[in-house]
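A.B. asks: My questions will all concern the structure given below.
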Amino acid sequence: SAHDFRAWYGLGQAYELLKMPYYALYYYRRAASLRPHDARMWCALGQCYMSEQVGAHEMAIRCYQRAIEHHDPDGIALHMLAKLYE
């Protein structure tokens, strides 16, 4: 279903595993639009933006900050944000 975030998120994960971050970004963005308060969506976007192929660190920072705002339960966003500022 086009309204099921899990489908979009799963496709994003598949493309990320295939080392195709631009495609993954498309699907993660769709998932985030359906679940904007889910920190996992923002962490996934941040990871893609951080990738060597994309290299959009400012966008990654914004995504990780948004994940923190939405109470990232695993603390991944804070860790990745610290890596970006190294």
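The values are calculated or read from the model by the stated rules, or taken from the named source; none is laboratory data. All figures in this text were calculated on a predicted structure; none of them were measured in a lab. Please note: Cβ atoms are built from the backbone with ideal geometry, for glycine as well, and neighbour counts cover all protein chains shown. Just the protein is used for accessible areas: all its heavy atoms, side chains included, with ligands, DNA and RNA removed. Shrake-Rupley method; radii C 1.70, N 1.55, O 1.52, S 1.80 Å.
A.B. asks: Considering the options MET20, TRP8, LEU45, tell which one lies farthest towards the positive end of the dipole of the chain, charges being +1 on Lys and Arg and -1 on Asp and Glu at the Cβ, about the Cα centre.
C.D. replies: Ranked along the dipole, the leading option is TRP8.
A.B. asks: On full extension of the chain, what length is gained from LYS83 through SER1, given 0.36 nm per residue of separation minus the C-alpha to C-alpha distance?
C.D. replies: Value of the extension gain: 25.9 nm.
A.B. asks: For every helix of n ≥ 4 consecutive DSSP H residues, a contribution of -39,500 (n - 2.57) applies; sum these over the chain, divide by its total residues, and give [θ] at 222 nm rounded to the nearest 500 deg cm²/dmol.
C.D. replies: Taken over the chain, the calculation gives -22000 deg cm²/dmol.
A.B. asks: Within the accessible area of the stretch 29-86, what % is carbon and sulfur when the probe is 1.4 Å and the other protein chains stay in place?
C.D. replies: Carbon with sulfur: 52 percent of the solvent-accessible area.
A.B. asks: Given a 1.4 angstrom probe, what's the average accessible area per residue across the chain, in square angstrom?
C.D. replies: With all protein chains present, the chain gives 64 Å² per residue.
A.B. asks: Show the residues, 5+ positions off or on another chain, whose built amide H is closer than 5 Å to the amide H of HIS70.
C.D. replies: For HIS70, no residues qualify.
A.B. asks: Mind ordering 44-54, 75-85 by average Cβ neighbours within 10 Å, highest first?
C.D. replies: 44-54, 75-85
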